[in-house]
1. Below 8 Å between Cα atoms, with a sequence gap of 6+, how large is the relative contact order for region 23-102 in percent?
2. Mind pulling the per residue volume of the convex hull built on the Cα atoms of the chain? Å³ is fine.
3. Relative contact order of region 13-70: what whole-number percent is it, with Cα pairs under 8 angstrom and at least 6 residues apart?
4. Of all DSSP beta bridges located in the chain, what percent are antiparallel, nearest 5?
Ligand code: FES
């Protein structure tokens, strides 16, 4: 694959331009990902091609973005060591560490 596919809208007739926003680095499971300062963590992950953010408690089914407004909990991940963080309403900070969450995120094993 050549140049990385861009999944952000850089130019739009109504929205502010993204090209002037500072680029930062966050880490998804220790892998560096380029992000835009102040964007939602979920947005940065989606742009990097990541679709599975957590796994359900009982059946370990993957979940990702659903409502994107902080209501459904499908986007919850471990952010800077804090489990159950809604990544669709949490904003990127340079150096942030994001981990996929399994179940409740406190222990990687499922609670029955
Ligand atoms: S996608 Fe529903 S709370 Fe984030």
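Since every read-out is calculated from the coordinates, none of them should be taken as a lab result. For clarity, every value in this text was computed on a predicted model and none was experimentally measured.
1. After rounding, I find 37 percent.
2. Details: hull volume 12.9 nm³, N = 112.
Spread over its residues, the Cα hull of the chain gives 115 Å³ apiece.
3. Numbers: 48 pairs, mean separation 10.6, N = 58.
Relative contact order here is 18 percent.
4. 80
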